[in-house]
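Each remark here refers to the structure printed beneath this line.
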């Protein structure tokens, strides 16, 4: 049998619309609340089967400590260099009662494909597969790697596991988050932290009978607000719409009755550092600021990272991939406010950008959709990226 006959006989993935419908119909919510959290293995299995049909060698990599979660590394070709096309397989939770249609059933209307994950970001994978299918008429000179990750919407455990494993590696990586096909070369980091104070309850008529965790927390908040001002004085980047790092005091809980000295109090806050700022150094600085407050008020202080945090991401504005993406799209590369898996892939030494179909404005809300007019341009851009890095 000739080589062309063997290729023709190989099973093929479904058509693009069918692939998107199947992915949307495969729930893979990741959530910090265990009762809502779901496995992504069904999505991984579908992608693995489709990419195997196209000739990829696949590896399913379990996420440490989460047997129901996995990454997929699918590789076509071999050798150094090449291109990674990456996306996450999970979605945020949803409120089906607020949708006009079933979020787990793809619905086409108004020149849009509606469904949970349609743009953030299951919709990227069928477009990648379509671009690959259109590019297989000649042999690759460098590998093409399709990467599908777990838990991006919560802990980024999938991307962290890949960075720790040191793979995959290639010359360039494109993360297909919804950017309306505009290249993104930079974003802020994200930290979510908590401060817990444990004082001593007592009758409110005599403050000496206790140690108020709420009084101490007032001073803690003062220190965090002071630190925010110092960070915003010392760190600025005019490329961002919000040019300074932000620190938001998000929620506070403490005490149980007006006539009792508050025995415990907890504050949760969000900090968004700029590129060039270290998460570890920020945490160390905050510890140094807050422990003297606890000592002064006679309370016990505990701090905790609510998740490990996302480092800031910054590529060079004139990198090869950034300039190529600008040429292919007609848009100048820009920063965004949301976090992605880009810093973890960049740690692996790849020239990395974020660029994909759909708008972030449609993500994380009812009636999420992927506009049909994003599909053909995205496939064309992906085909040209594959040609540049793999042929």
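The values are calculated or read from the model by the stated rules, or taken from the named source; none is laboratory data. As the structure is a prediction and not an experimental result, all values here were calculated from the model. When we count neighbours, we look across all protein chains shown, and the Cβ atoms used for this are built from the backbone with ideal geometry, even at glycine.
In table form, for the structure just shown:
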{"quantity": "Exclusive hit being surrounded by fewer than 19 Cβ atoms within 10 Å (Cβ to Cβ) and either assigned to a loop (DSSP other than H, G, I, E, B) or in the same structural domain as residue 33 (by TED's automatic domain parsing) (or both), set 168, 139, 178", "calculated": "139"}
{"quantity": "Residue in region 268-279 that is surrounded by 12 or more Cβ atoms within 10 Å (Cβ to Cβ) and over 30 Å from residue 175 (Cβ atoms) present", "calculated": "no"}
{"quantity": "Qualifying positions in region 181-212 - in a loop (DSSP other than H, G, I, E, B) and in contact with a strand residue (DSSP E or B) (Cβ under 9 Å, 6 or more places away or on another chain)", "calculated": "182, 183, 188, 189, 199, 201, 202, 204, 210, 212"}
{"quantity": "Region 306-322: number of residues that are in a loop (DSSP other than H, G, I, E, B) and touching a residue at least 24 places away in the same chain (Cβ under 8 Å)", "calculated": "10"}
{"quantity": "Among the candidates 11, 67, residue that is at negative phi and either in contact with a helix residue (DSSP H, G or I) (Cβ under 8 Å, 6 or more places away or on another chain) or not assigned by TED's automatic domain parsing to the domain that holds residue 152 (or both)", "calculated": "11"}
{"quantity": "Filter pass, residue 148 being in a strand (DSSP E or B), assigned by TED's automatic domain parsing to the domain that holds residue 68 and more than 24 Å from residue 316 (Cα to Cα)", "calculated": "yes"}
{"quantity": "Residue list for region 210-246, restricted to those being free of Cβ contacts under 8 Å to residues at least 60 places away in the same chain, closer than 17 Å to residue 191 by Cα and under 27 Å from the mean Cα position of the chain (by Cα)", "calculated": "228, 231, 232, 235, 244, 245, 246"}
{"quantity": "Filter result for residue 295 (surrounded by fewer than 18 Cβ atoms within 10 Å (Cβ to Cβ) and assigned by TED's automatic domain parsing to the domain that holds residue 220)", "calculated": "yes"}
{"quantity": "Subset tally (residues that are closer than 30 Å to residue 200 by Cα and buried (at least 21 other Cβ atoms within 10 Å of the Cβ)) for region 298-322", "calculated": "1"}
{"quantity": "Count - residues of region 109-136 that are outside any loop (DSSP other than H, G, I, E, B) and either in contact (Cβ under 8 Å) with a residue 12 or more places away in the chain or surrounded by 23 or more Cβ atoms within 10 Å (Cβ to Cβ) (or both)", "calculated": "13"}
{"quantity": "Segments classed as strands (runs of 3 or more DSSP E), wholly inside region 323-382, with at least 3 members that are crowded, with 24+ Cβ neighbours inside 10 Å and touching a residue at least 12 places away in the same chain (Cβ under 8 Å)", "calculated": "351-354"}
{"quantity": "Selection from region 292-331 of residues that are touching a strand residue (DSSP E or B) at 6+ places or on another chain (Cβ under 6 Å) and at positive phi", "calculated": "298, 309"}
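Residue by residue, here is whether (1) in a loop (DSSP other than H, G, I, E, B); (2) more than 20 Å from the chain's Cα centre (by Cα); (3) at pLDDT 95 or above holds:
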| site | (1), (2), (3) |
| --- | --- |
| 37 | yes, no, yes |
| 58 | no, yes, yes |
| 71 | no, no, yes |
| 105 | yes, yes, yes |
